[in-house]
Amino acid sequence: MAKIGVLVMESQKQMVERLRGVFRSGVTIPVHFRLTQLEAMLALLEDNEAQILEALHEDLAKPKFESVLSEIDMVVNDLCYTISNLHTWMQPSYVGTNLATKLDDCFVRREPLGVVLIIGAWNYPLQLILLPLIGAIAAGNCAILKPSEISQATEKLLAELIPKYLSKECYAVFCGGPEETKALLENRFDHIFYTGSQSVARCILQAAAVHLTPVTLELGGKCPCLLYGRLDMKAAAKRLVWAKFFNIGQSCVAPDYVLCTAETRDKLLPLIKEALETFYGPEAQQSPDMGRIVTDRHWDRLVELLKKTEGKVVIGGESVKEEKYIAPTVVVDVKESDPLMQDEIFGPILPILTIKSLDEGINFINEREKPLALYTFSDESQVVTTVLERTSSGGFCSNDGIVHMTLPGLPFGGVGASGMGSYHGQWGFETFSHKRGCMLRGWGLERINVLRYPPYKESNLGWLRWATTAKKKGWAGCSIM
Amino acid sequence: MSSPQNPSPTRWFKALRRPRTGDVCLKSGATACSEVLKRARAAFQAGRTVHDSFRLSQLEALVRMLMEHECDFVDTLCRDVQKPRFETVMSELMIVKNEALHAISNLKKWMEPQRIERNWATAFDECLVVNEPLGVVLIIGNWTSPLQLSLVPLVGAIAAGNCVIINPSEICTHTAELLHRLIPAYLDNECFHSVVGATHEIPEMVDLKFDHIFFSGSKEDGIKVAQAAARTLARVTLVLSGKNPCYVDKQCDINTTARRITWARFHNAGQSAVAPDYILCHAEAIENLLQALRCALQQFYGADPRESRSFGRIVNEDSFNKAKDQLWRSGKVMMGGQVNEMERYIAPTVLLEVLESDPIMQQDVFGPILPILTVQDADEAIAFINSREKPLCVYAYSSNNKLISKIMNETSSGSFCSNDSVLQSLMVGMPFGGVGASGMGSYHGHYSFDAFSHKKSCLLRTTRIECMTYLRYPPYEDRNLSLVTLASSLNLKSQGWCTIL
């Protein structure tokens, strides 16, 4: 039922069953196998950089710089980090024992889950499939990849390259649209990793619930950007513009809207204009560094928003249908009820809402769903700390945007409506693992053990109670020995 | 109810409608839940649970509640399942108390943000992972361990800074009522609430939108909870009962094995989600095992367990009938088998010649019945275990360490224990939870804290140092690209990166 000619002939059910059989054979378990696959992924990226850049450009008019930085490099970094640390991550972690369990071994093993499904998205079509795959492979699972059918060139390339470099038995690429994906989801997986929208996420959770499959959801949301207090406006404007218009605003972690005082806004606007001109020249449409909207349908949606907004367009606003181009646009005098403030914008339109105080800004943010990312620009550490402590979001970054998700040491994921679970680096490894508590006892110390057996005696109870009550810091013992 | 002073009709009707103390709440579980949820959410948003001092005070109050009402809990559990005092204290009260004390000792450490390794591009920044409470958590308890399964997650949820609504299982009626009464008496009344609701009302409660749901119970109910949670994008931790296999090898200390299995299987009259559900016994060990089990049963419960004060009863008629039915329609009774309907008593029973198709092997067992199946070797046992759903626990008894490792490596389960049972589910330092059909997520100790927290990644930058940042701005230049790539990578031994930069 797949469209593209790689591993096409088998049905979804057959694919899942085949992979499950392979998983059961134990081939993905040894560390050597996992490392070989991860190294093969590195080779895939090194050998095919030119084709990857071309595919990304075809899908999203992504400039080479952005593709390298936000797609290839991110995956390479995570791969190197994972390869370097995999041995350590795979080690069981030992748990402290008390006097009665001194002869025992108590530890936590990380075990693979089985066959996992990874569903990518179109805005970062390479990264959003390969980064979770790194975690899945590192944890010892088999995987089915479902790249987004909207970014077709990248989908086709992945379908061609993955079986060429990685084990064909253990990993498969499934290509298809919404109907085929729905059918695929009727199968039982051991974990589902999804990046995308809330509405589809609910369907996935429903399908997963029937099989009791755990799910990681990386969803969007409206990421607020609060500017307050004393701040270096010029630097802030530059970083804000970079973060907002990177990938022409089509990032789940792009600052969606700005909250600042009217005074700040007035100072900020000319600086934003200046930054835009420095970055993209006087005519952004001519700049090779400005991307394009992914499809006509998405372009239509954004242009519609610009038509319906009750705010005032002060920068940009132009659009060209044939090129799926929308100019970097800033809209002011935007109210909460504005069409721009309803759903995630996911495009190069930046509404600015004014607030009178920090509290007002924080309350505004807290009245809405928890976003994937939250940004604060301020040189006053007190302001940053206040926002950090009084709001909740998947991730937080002060005085910059997006970059917090590039460090493999930081977990990347949402909370509340912006998702559940996380990945990148070791967090990905843990997401695709099961932490199994193991206790290996011996036959010894049975004379202490007998205290817990019937017929129950008060004297035994007293002794046991005394011996097993948690007394000191760091005690990690067992209550009934 | 005293008669009204002034016999006006209005006052009289009002007096009639006034609920008496001790009456179970007349509202449906979902309605009551909706009301307290509003209060809990308001309390959370007001920031009541943020400070460690508040969380510590609540945990300490919980410990006091358990200590001051030990007799009451012993009494209610006795009335519910005839649980011996020893079991109530050791397997319910002490467990919760120790979890609370462990949380109290470690809370400050758990609340500390975790610092993360930085790269050159972030050398001047702070990179942390901060633990945040989720909001309002719903804990749905279970009757098999009514205190443990609602209060141990409560400890974690409090420690993590959440507000909580508990729904203790109404099946243990007296214990549920006691908790319902005591929780508002000891814990903050705005942040923590107890609602009594039937099992079938649970999906409706979940639909009210919580930030996390902790559920322990059957697989079927677990699926319903997961489906309801899917509608509101709520996170879930599910600890689901299933069939825990227990392999007994020909090479083992058979007497100790029998005692440990007997203790694990028959405490709480077999009503446990972590007890060994069935034995896969090596053909050469079966005679010895039966003999040793006979001795252990005699030693623990005497000639007539019905007379023993150390042996409990089945929780209700429904459960009793189910267990009785499983017993009578499966295998052959080797030991026990007696029942008494009035007392809801089922004798500790061992079954042999059990087939995989027997009812006792198809359904969860919540009674003191231990089926034994014979296997030729450990490989057959492993194949049998792997042909079924992943259970909460896998047990193996053997003196051969290599065999133990083999079983551990070749099976999958929530947790594993060799040469004993149940204990691995009580350790405060180990995660306890299911996998596959036995659930998702885990808890106990700091795992509980993590289950009820959101790990927020934070990058705190300054605008003062622009050294690397400018390299990433448009107009894009290739030479900047290589510098940015270098600065963004972590220092890796295998890559031999230059550290002069």
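Does A:Leu451 count as of a type in the set (A, V, I, L, M), at negative phi and within 7 Å of chain B (Cβ to nearest Cβ)? Judged against the criteria, A:Leu451 is not a match. Does B:Ala451 satisfy being at the interface with chain A (Cβ under 7 Å from one of its Cβ atoms), open to solvent by less than 20 Å² (accessible area, probe 1.4 Å) and either modelled with pLDDT under 95 or within 30 Å of B:Gly156 (Cα to Cα) (or both)? No.
Condition check ((1) more than 23 Å from the chain's Cα centre (by Cα); (2) facing chain B (nearest Cβ under 9 Å)) across all residues:
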residue: A:Glu179; (1), (2): yes, no
residue: A:Pro224; (1), (2): no, no
residue: A:Arg230; (1), (2): yes, no
residue: A:Ala235; (1), (2): yes, yes
residue: A:Leu240; (1), (2): no, no
residue: A:Arg265; (1), (2): yes, no
residue: A:Leu271; (1), (2): yes, no
residue: A:Leu276; (1), (2): yes, no
residue: A:Phe279; (1), (2): yes, yes
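Output yes when any residue across region A:243-254 is among the basic types (Lys, Arg) and crowded, with 24+ Cβ neighbours inside 10 Å, and no when none is.
First, pick out the residues of region A:243-254 that are among the basic types (Lys, Arg): A:244.
Narrowing further to those that are crowded, with 24+ Cβ neighbours inside 10 Å: A:244.
Within region A:243-254, one or more residues are among the basic types (Lys, Arg) and crowded, with 24+ Cβ neighbours inside 10 Å.
If you go through region B:276-333 and pick out every residue that is in contact with a Gly (Cβ under 8 Å, 6 or more places away or on another chain), under 17 Å from A:Tyr453 (Cα atoms) and not small (Gly, Ala, Ser), you end up with 2. When you scan region B:28-45, do you find a residue that is within 9 Å of chain A (Cβ to nearest Cβ) and either assigned to a loop (DSSP other than H, G, I, E, B) or at pLDDT 95 or above (or both), even just one? No, the conditions are met nowhere in region B:28-45. State whether one or more residues within region B:111-126 are buried (at least 21 other Cβ atoms within 10 Å of the Cβ), over 19 Å from the mean Cα position of the chain (by Cα) and modelled with pLDDT of 90 or more. Within region B:111-126, none of the residues are buried (at least 21 other Cβ atoms within 10 Å of the Cβ), over 19 Å from the mean Cα position of the chain (by Cα) and modelled with pLDDT of 90 or more. State whether one or more residues within region A:463-480 are open to solvent by less than 10 Å² (accessible area, probe 1.4 Å), modelled with pLDDT of 90 or more and either at the interface with another protein chain (Cβ under 7 Å from one of its Cβ atoms) or over 14 Å from the mean Cα position of the chain (by Cα) (or both). No. Just a yes or no: is a residue in region A:303-316 open to solvent by less than 30 Å² (accessible area, probe 1.4 Å), more than 14 Å from chain B (Cβ to nearest Cβ) and assigned to a strand (DSSP E or B)? Within region A:303-316 (the criterion being open to solvent by less than 30 Å² (accessible area, probe 1.4 Å), more than 14 Å from chain B (Cβ to nearest Cβ) and assigned to a strand (DSSP E or B)), the answer is yes, since at least one residue qualifies. A count restricted to region B:292-311 and to residues that are in contact (Cβ under 8 Å) with a residue 24 or more places away in the chain and either within 14 Å of B:Asn255 (Cβ to Cβ) or over 31 Å from the mean Cα position of the chain (by Cα) (or both) stands at 8.
Table: residues versus (1) in contact with a strand residue (DSSP E or B) (Cβ under 9 Å, 6 or more places away or on another chain); (2) without any contact (Cβ under 8 Å) to a residue 40 or more places away in the chain.
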{"site": "A:Ile150", "(1), (2)": "no, no"}
{"site": "A:Ala153", "(1), (2)": "no, no"}
{"site": "A:Leu158", "(1), (2)": "yes, yes"}
{"site": "A:Tyr165", "(1), (2)": "no, no"}
{"site": "A:Lys168", "(1), (2)": "no, no"}
{"site": "A:Thr181", "(1), (2)": "yes, no"}
{"site": "A:Asn187", "(1), (2)": "yes, no"}
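Between B:Leu460, B:Leu490, the distinction of being at pLDDT below 70, facing chain A (nearest Cβ under 10 Å), crowded, with 19+ Cβ neighbours inside 10 Å and closer than 21 Å to B:Ile116 by Cβ belongs to B:Leu490 only. The residues of region A:353-390 that are of a type in the set (Gly, Ala, Ser) and either part of a helix (DSSP H, G or I) or crowded, with 23+ Cβ neighbours inside 10 Å (or both), listed by number, are A:Gly361, A:Ala373, A:Ser378, A:Ser381. Note on region B:48-82: among residues that are farther than 30 Å from B:Lys108 by Cβ and touching a helix residue (DSSP H, G or I) at 6+ places or on another chain (Cβ under 7 Å), the one that is most open to solvent (accessible area, probe 1.4 Å) is B:Arg79.
A:Glu58 satisfies every condition listed in (1) open to solvent by less than 30 Å² (accessible area, probe 1.4 Å); (2) assigned to a helix (DSSP H, G or I); (3) more than 12 Å from chain B (Cβ to nearest Cβ); (4) closer than 30 Å to A:Tyr325 by Cβ except (1). Can you pull out every residue in region B:415-432 that is touching a residue at least 24 places away in the same chain (Cβ under 8 Å), in a loop (DSSP other than H, G, I, E, B) and facing another protein chain (nearest Cβ under 7 Å)? Once the filter is applied, which keeps residues that are touching a residue at least 24 places away in the same chain (Cβ under 8 Å), in a loop (DSSP other than H, G, I, E, B) and facing another protein chain (nearest Cβ under 7 Å), region B:415-432 yields B:Asn419, B:Asp420, B:Leu426, B:Val428. Out of region A:391-440, which residues are hydroxyl-bearing (Ser, Thr, Tyr), within 8 Å of chain B (Cβ to nearest Cβ) and open to solvent by less than 10 Å² (accessible area, probe 1.4 Å)? Within region A:391-440, A:Ser393, A:Ser398 meet the criteria. Here region B:220-238 is the region considered, the condition is being open to solvent by 10 Å² or more (accessible area, probe 1.4 Å) and more than 7 Å from every other protein chain (Cβ to nearest Cβ), and the residue that is farthest from the chain's Cα centre (by Cα) is B:Thr232.
Among the residues of region B:247-270, some residue qualifies, meaning at least one is more than 9 Å from chain A (Cβ to nearest Cβ), acidic (Asp, Glu) and either in contact (Cβ under 8 Å) with a residue 12 or more places away in the chain or surrounded by fewer than 24 Cβ atoms within 10 Å (Cβ to Cβ) (or both). Each residue in region B:304-318 was checked for being assigned to a helix (DSSP H, G or I) and farther than 19 Å from B:Ser272 by Cα, and 2 of them qualify. Scanning region B:58-114 for residues that are in contact with a Leu (Cβ under 7 Å, 6 or more places away or on another chain), among the polar types (S, T, N, Q) and part of a helix (DSSP H, G or I) yields B:Gln58, B:Thr76, B:Thr88. For region B:373-399, a residue qualifies if it is in a loop (DSSP other than H, G, I, E, B) and either within 12 Å of another protein chain (Cβ to nearest Cβ) or crowded, with 16+ Cβ neighbours inside 10 Å (or both), and the qualifying residues are B:Ser387, B:Glu389, B:Lys390, B:Pro391, B:Leu392, B:Ser398, B:Ser399.
Assuming A:Gly114 fulfils every condition listed in (1) on the phi < 0 side of the Ramachandran plot; (2) at pLDDT 95 or above; (3) crowded, with 19+ Cβ neighbours inside 10 Å apart from one, which condition is it? Every condition holds for A:Gly114 apart from (1). Each residue in region B:145-178 was checked for being under 11 Å from the mean Cα position of the chain (by Cα), open to solvent by 10 Å² or more (accessible area, probe 1.4 Å) and among the hydroxyl-bearing types (Ser, Thr, Tyr), and 1 of them qualify.
Just one of the numbered conditions (1) within 12 Å of chain A (Cβ to nearest Cβ); (2) small (Gly, Ala, Ser); (3) open to solvent by less than 10 Å² (accessible area, probe 1.4 Å) is not true of B:Ala275: (1). Of the residues B:Phe214, B:Phe210, the single one that is aromatic (Phe, Trp, Tyr), open to solvent by less than 10 Å² (accessible area, probe 1.4 Å) and within 22 Å of A:Gln198 (Cβ to Cβ) is B:Phe210.
The values are calculated or read from the model by the stated rules, or taken from the named source; none is laboratory data. Worth saying up front: this structure is predicted, and the values here are computed from it rather than measured. We place every Cβ from the backbone using ideal geometry, glycine too, and count neighbours over all the protein chains shown. When the accessible area is computed, the model is the full protein with side chains, heavy atoms only, and any ligands, DNA or RNA have been set aside. Shrake-Rupley method; radii C 1.70, N 1.55, O 1.52, S 1.80 Å.
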